[in-house]
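Q: Okay, here's the structure, questions in a sec.
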Amino acid sequence: MSVNPDAKLIYMANQIATFFQTQPAEEAAEGVATHINKYWEPRMRRKLFEHIAHGGEGLNPLVIEAAEKIRRPEAA
């Protein structure tokens, strides 16, 4: 059985999205992005963008929507 190395990252991003889904639609993606920008280190954000670039499998659609508002870290 293969374990997705990004599984914990996906879980965490989806938990954030689940929380913000209770907000009005126009504020939900902004809330997800603000939370990730504030609390995730660049390495985590880099891995999130890599995962999205490879299709974003398993991510809540709200995370995908919020990605355009998440700060992209500089290349490693």
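The values are calculated or read from the model by the stated rules, or taken from the named source; none is laboratory data. For clarity, every value in this text was computed on a predicted model and none was experimentally measured. Note that we place each Cβ from the backbone using ideal geometry, even for glycine, and neighbour counts take in every protein chain shown. Note: accessible area is taken over every heavy atom of the protein model, side chains too, but ligands, DNA and RNA are not part of it. Shrake-Rupley method; radii C 1.70, N 1.55, O 1.52, S 1.80 Å.
Q: Restricting to region 53-64, name every residue that is open to solvent by 40 Å² or more (accessible area, probe 1.4 Å) and under 9 Å from the mean Cα position of the chain (by Cα). Quick ask: steps written out before the conclusion?
A: Taking region 53-64 first, the residues open to solvent by 40 Å² or more (accessible area, probe 1.4 Å) are 53-55, 57-58, 61, 64.
Hit for region 53-64 is Ile64, nothing else.
Q: Would you kindly identify the helices (runs of 4 or more DSSP H) lying entirely within the chain that contain at least 2 residues that are among the charged types (D, E, K, R)?
A: Details: elements: 7-20, 25-39, 42-53, 61-66.
It comes to 25-39, 42-53.
Q: Moving on. One residue is enough: does region 24-44 have a residue meeting the conditions of a type in the set (Val, Ile, Thr) and open to solvent by 80 Å² or more (accessible area, probe 1.4 Å)?
A: Within region 24-44, none of the residues are of a type in the set (Val, Ile, Thr) and open to solvent by 80 Å² or more (accessible area, probe 1.4 Å).
Q: Also, quick follow-up: Could we say that Asn4 is of a type in the set (S, T, N, Q), at pLDDT below 95 and surrounded by 11 or more Cβ atoms within 10 Å (Cβ to Cβ) here? Walk me through it before giving the result.
A: On the way: of a type in the set (S, T, N, Q): yes; at pLDDT below 95: yes; surrounded by 11 or more Cβ atoms within 10 Å (Cβ to Cβ): yes.
Against the criterion (of a type in the set (S, T, N, Q), at pLDDT below 95 and surrounded by 11 or more Cβ atoms within 10 Å (Cβ to Cβ)), Asn4 qualifies.
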